[in-house]
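> Quick one: the structure is below, and I'll ask about it shortly.
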Amino acid sequence: MSYYERHVFFCCNQRDNGKNCCNDHGASKLRDYAKDKVKEIKLSGKGKVRINMAGCLDRCDEGPVMVVYPEETWYTYVDQEDVDEIINEHLKHGRVVERLKI
């Protein structure tokens, strides 16, 4: 069994060259929000969910992006409501949020 049931990586890359990047769309702030929310609803920890920051996931044109493992489900999101939906549907209940999937 894996240490975590689900591992979530938020691309929080910040490019210096002016090219589009996830952090330009608030990725770090929303990753922090997701991490706090998952702790608040007691989904974090061993055998549960881990929220992590990642460097460039090379999908900046579709960003901001996150990926959920082990399902290998890629999402884009705009705001806290989208992140809440991913947490509630996918992380809590195991249902992919099709409208945010990329």
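The values are calculated or read from the model by the stated rules, or taken from the named source; none is laboratory data. Note that the structure is predicted; figures quoted are calculated from it, not measured. Cβ coordinates were reconstructed from backbone atoms using ideal geometry, including for glycine residues, and neighbour counts include every protein chain displayed. To get the accessible areas, we keep the full protein, side chains included, count just its heavy atoms, and leave off ligands, DNA and RNA. Shrake-Rupley method; radii C 1.70, N 1.55, O 1.52, S 1.80 Å.
> Just to be sure I understand, how many residues within the stretch 8-59 are open to solvent by 40 Å² or more (accessible area, probe 1.4 Å), more than 20 Å from ILE102 (Cβ to Cβ), assigned to a loop (DSSP other than H, G, I, E, B) and in contact (Cβ under 8 Å) with a residue 40 or more places away in the chain?
Here the count works out to 3.
> Out of (1) at pLDDT 95 or above; (2) within 12 Å of PHE9 (Cβ to Cβ); (3) not aromatic (Phe, Trp, Tyr), what's the single condition that is false for ARG59?
(1)
> Another one. Collect the residues in the stretch 70-101 that are open to solvent by 60 Å² or more (accessible area, probe 1.4 Å), part of a loop (DSSP other than H, G, I, E, B), closer than 21 Å to SER28 by Cα and not hydrophobic (A, V, I, L, M, F, W, C), keeping them in residue-number order.
GLU72, the sole residue that qualifies.
> Would you confirm whether or not the stretch 18-33 contains a residue that is closer than 19 Å to HIS93 by Cβ and touching a strand residue (DSSP E or B) at 6+ places or on another chain (Cβ under 8 Å)?
The initial filter retains those residues of the stretch 18-33 that are closer than 19 Å to HIS93 by Cβ, namely none.
No: the stretch 18-33 contains no residue that is closer than 19 Å to HIS93 by Cβ and touching a strand residue (DSSP E or B) at 6+ places or on another chain (Cβ under 8 Å).
> What pairs come out if I take residues in the stretch 85-102 that are more than 17 Å from PRO64 (Cβ to Cβ) and among the charged types (D, E, K, R) and pair them with residues that are modelled with pLDDT of 95 or more and not in a helix (DSSP H, G or I) whose C-beta lies under 9 Å away, six or more apart or interchain?
Taking only residues 6 or more apart or on different chains, the pairs are GLU89/ARG95; GLU89/VAL96; GLU89/VAL97; LYS92/ILE41; LYS92/LEU43; LYS92/VAL49.
> Could you check the stretch 60-69 and list, in sequence order, the residues that are out of contact with any Lys or Arg (no Cβ under 9 Å at 6 or more places or on another chain) and either open to solvent by 80 Å² or more (accessible area, probe 1.4 Å) or part of a helix (DSSP H, G or I) (or both)?
ASP61, GLU62 - these are the residues of the stretch 60-69 that are out of contact with any Lys or Arg (no Cβ under 9 Å at 6 or more places or on another chain) and either open to solvent by 80 Å² or more (accessible area, probe 1.4 Å) or part of a helix (DSSP H, G or I) (or both).
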